[in-house]
Amino acid sequence: MINIPKGTKDVLPQDAYKWHYIEDAARKTAELFNMKEIRTPVFEHTELFLRGVGDTTDIVNKEMYTFKDKGDRSITLKPEGTAGAARSFIENGMAAGLLPVKMYYITPAFRYERPQAGRLREFHQFGIEMYGSASPDADAEVIFAASSFLSRLGIKGVKLNINSIGCKTCRASYNAALREYLRPHLGEMCSTCRERFDKNPLRILDCKEEGCKKITRGAPRITDYLCNECSAHFKKVQQLLTAGGLEFNIDPDIVRGLDYYTKTVFEFVSDSIGAQGTVCGGGRYDGLIEELGGNPTPAVGFAAGIERLILLMENTGVPFPEERGVQVYIAGMDDESRMQAFKIVCALRAAGISAECDHMGKSVKAQFKYADKIGAQYVIALGGNELASGVCNAKRMADGATTPVMISDICGFFKGLE
């Protein structure tokens, strides 16, 4: 027997309706905010992620699925959705069109990391991208889109935390102060953080090692080093969130795990999914398009993991709508009536009515049990008497009530119920 690879998970037929519900909520939220769907390849040239995600991140250093193709090109399975969307924005000349460009994606992503609750090596994201606006209004809109999505799913008790990590100008001053604070502790930090010290000390704040986390608890806060422009931007974002009635906390420890972020960063967090409490996260990345070879273009977005959302909903008792069963099951008693049942089912489906019949040679009693298990709303049994008279009984499974129906008008009967 060949087993599923570690860190991956089958979505079984009986569970797929949960995914459909979340994906439908994602698309409805995107439509509400005038977002159009983008679909990018599952794999890209490795350079895209080295330049976009950042070579000091855990994703690039430890977690990417990278391989050589038959043309000896370095290819990587996408570890997140933004870099591919940004590449497509540049390559397809979207900047020349109507701005802002507002897009969403629902995509698989891949990271080689230790599997745990709500975190797999193959996972799926719903994300939103907004290109072209440097205004704090865009930050607030994306945050409200994330909030609207979570509300649509019925998720409660999730807290919004926000921060600003500044721009290149104020980041330089902060990095200098951070290095000064961290330098005496270099020997106590992990090897990865020691490498980050010169390249990108801000990334040290995102380290998950307990020893490093203990050291950084007393580190300077970047919000104390924001330039006037970044400080004003962050203040306006807060005013817009308040004006829209969205509660938030300022969390100076949020830096996010990707190098492309600038200014606003945010997370929706829950304590109901274990240690990995982030349900949805994002922020602004004004330098990403330029870093990938495009013209300077401001951008902001977020991503939410679908597996985590399902875990959160299950852990907190948020109900999923019950999967709707077939509208009618046609049971046949013998070969002739089974043939007629199959013919009727074909006609019902052609008319847009979900229908099912037996494919296993079950008895009529067993067919009724099967119809009940698959959630059929009605069952019609056909035998010699029904075929001879041209009349059958449609049994409503909810209460057992029966209605006589002409066999020739079964489609019309169920159409009339819609």
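Key figures for this structure:
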{"quantity": "Some residue of the range 104-122 being at pLDDT 90 or above, buried (at least 20 other Cβ atoms within 10 Å of the Cβ), charged (D, E, K, R) and over 16 Å from the mean Cα position of the chain (by Cα)", "calculated": "no"}
{"quantity": "Residue in the range 55-76 that is at pLDDT 95 or above, under 19 Å from the mean Cα position of the chain (by Cα), basic (Lys, Arg) and outside any helix (DSSP H, G or I) present", "calculated": "no"}
{"quantity": "Odd one out for Asn3, checked against (1) modelled with pLDDT of 95 or more; (2) of a type outside the set (Gly, Ala, Ser); (3) not in a loop (DSSP other than H, G, I, E, B)", "calculated": "(3)"}
{"quantity": "Qualifying residues in the range 10-54 (those that are within 21 Å of the chain's Cα centre (by Cα) and among the hydroxyl-bearing types (Ser, Thr, Tyr)) - the one surrounded by the fewest Cβ atoms within 10 Å (Cβ to Cβ)", "calculated": "Tyr17"}
{"quantity": "Index of the failed condition, Gly7 passing every other in (1) surrounded by 12 or more Cβ atoms within 10 Å (Cβ to Cβ); (2) assigned by TED's automatic domain parsing to the domain that holds Met130", "calculated": "(2)"}
{"quantity": "Lone qualifier among Glu180, Glu141 - being over 33 Å from the mean Cα position of the chain (by Cα) and among the charged types (D, E, K, R)", "calculated": "Glu180"}
{"quantity": "The range 205-229, subset at pLDDT below 85 and part of a helix (DSSP H, G or I), residue nearest to Arg171 (Cα to Cα)", "calculated": "Leu205"}
{"quantity": "Some residue of the range 404-411 being in a helix (DSSP H, G or I), of a type in the set (A, V, I, L, M, F, W, C), under 30 Å from Pro79 (Cβ atoms) and touching a residue at least 60 places away in the same chain (Cβ under 8 Å)", "calculated": "no"}
{"quantity": "In the range 357-384, residue farthest from the chain's Cα centre (by Cα) [restricted to those that are touching a residue at least 24 places away in the same chain (Cβ under 8 Å) and part of a loop (DSSP other than H, G, I, E, B)]", "calculated": "Gly383"}
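The values are calculated or read from the model by the stated rules, or taken from the named source; none is laboratory data. This one's a predicted model, so the numbers in the text were calculated from it and none came from an experiment. Note that each Cβ is placed from the backbone with ideal geometry, even for glycine, and that neighbours are counted across all protein chains shown.
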